[in-house]
Amino acid sequence: MEHLNAFLERLEADAALIHRPENIRYLSGYAGEGCLYVSRQRRVIVTDFRYIEAAGRQSPGWAIERTTAERKEKDVAYALASEDGARTVCVETDYLTHDDFLSLQKALEGVELQPLNGIPEKLRQIKDAEEIACIREASRIASQAFINILPRLHAGMTEIEAKIELEFEMLRLGSEGTAFDTIAAAGVNGSLPHAVPSDHVIQAGELLTLDFGATWRGYLSDITRTVAFGRVSSELKAVYDTVHDAQQLALDFIGPGKRCCDVDRVAREYIDARYPGAFGHSLGHGVGLYIHEQPRVSFNDATVLEPGHVVTVEPGVYIPGLGGCRIEDTVIMTEDGVINAMHAPKHLIEL
């Protein structure tokens, strides 16, 4: 209810329709399909037969309106808005398709549809104690999964096999699912920041980058570790050391009161002095019900970090034809400083 009340305090329209799954869960606790209709008079989950019982279990206190082939979502929205006498309804224009928006606009005759302007996303930036506890558990699962699979990683296995080992281990430890598509990139594929795991056979002397996350009660974690198979070249070792040191500089600097762009700069300047142009993405991003939330720990985001912000710190170096390395932790801003939610080791592990 606290999330919903905070939302209603910011809502200037008579009502709102919420379709983005993360925002639906944030405001109501409901994790199925459909949408929310929210006004100061009522809170309603609009869904079909498949989710009626689940909605009742997950969101006690919410009314539930069932859609059918004859009574579509837009029809329910119009009926609810009419009962409330709503003249203005906010919708997620950054999420709905153009066709969906036009369909709603036609159905809600006499109602002005307005952009929601990311109100739920802004509220979601600052996590409460319960949200942080979920993120910490998701982080614990991911960290432990990495530790547990290290004895099972070996030269001769494929990137896909490494991914399977990691994802199975997270599930075994209690994860509800993967936080996003797991990245497993070895050898020259390591220069691809978002490489898709392939049937590439990992060779001795290669680095393997694993970017993955677990899920706990809908909340996500995000971690990256890079390991070596046997002894790697001095060139790859230097890449690893640079990324490791850059991340530590950023972790030592980050905290409440620091601007995201300044945290990014600390790691970026260190890497650029050694590998100009090899670190082309942001240093990090917010994490919560969605894997890429605000704020961005980026050169162009001046957001001042405050207690409740949860962000990643993930510098990387990517060199085509050679490979790459990324190291990432999920960190939590607190009243007293910073909690690193990840406990998986970061020294260069030679398997």
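Observations
- Top-ranked residue of segment 113-172 - restricted to ones that are in contact with a strand residue (DSSP E or B) (Cβ under 6 Å, 6 or more places away or on another chain) and part of a loop (DSSP other than H, G, I, E, B), ranked as surrounded by the most Cβ atoms within 10 Å (Cβ to Cβ): LEU116
- Yes/no for ILE291 being under 21 Å from ILE126 (Cβ atoms), modelled with pLDDT of 95 or more and assigned to a loop (DSSP other than H, G, I, E, B): yes
- Residue within segment 135-143 that is modelled with pLDDT of 95 or more, hydroxyl-bearing (Ser, Thr, Tyr) and within 30 Å of PHE168 (Cβ to Cβ) present: yes
- Segment 62-87: number of residues that are among the small types (Gly, Ala, Ser) and in contact (Cβ under 8 Å) with a residue 24 or more places away in the chain: 4
- Residue among HIS285, HIS281 that alone is assigned by TED's automatic domain parsing to the domain that holds ASP181, assigned to a strand (DSSP E or B), within 20 Å of the chain's Cα centre (by Cα) and modelled with pLDDT of 95 or more: HIS285
- Meets criteria (in contact with a Pro (Cβ under 8 Å, 6 or more places away or on another chain) and assigned by TED's automatic domain parsing to the domain that holds HIS154) for PRO320: no
- When residues of segment 48-104 are limited to those that are surrounded by fewer than 19 Cβ atoms within 10 Å (Cβ to Cβ), small (Gly, Ala, Ser) and not in a helix (DSSP H, G or I), the one farthest from the chain's Cα centre (by Cα): GLY85
- Selected residue (criterion: nearest to ILE135 (Cα to Cα)) from residues of segment 173-211 that are surrounded by 15 or more Cβ atoms within 10 Å (Cβ to Cβ) and of a type in the set (Val, Ile, Thr): THR178
- Residue satisfying all of: in segment 9-28; outside any strand (DSSP E or B) and in contact with a Phe, Trp or Tyr (Cβ under 8 Å, 6 or more places away or on another chain); farthest from GLY288 (Cα to Cα) among these: HIS19
- Any chance ALA6 is in contact (Cβ under 8 Å) with a residue 40 or more places away in the chain, outside the structural domain of TYR219 (by TED's automatic domain parsing), more than 15 Å from GLN114 (Cβ to Cβ) and not in a loop (DSSP other than H, G, I, E, B): yes
- Of all residues in segment 196-238, those that are closer than 20 Å to LEU283 by Cα and small (Gly, Ala, Ser) total 3.
- Answer from LYS237, LYS258 - the residue that is over 23 Å from the mean Cα position of the chain (by Cα) and in contact (Cβ under 8 Å) with a residue 40 or more places away in the chain: LYS237
The values are calculated or read from the model by the stated rules, or taken from the named source; none is laboratory data. Predicted, not measured: the structure shown is a model, and the values here were computed from it. In this analysis, Cβ positions are derived from the backbone assuming ideal geometry, glycine residues included, and neighbour counts consider all displayed protein chains.
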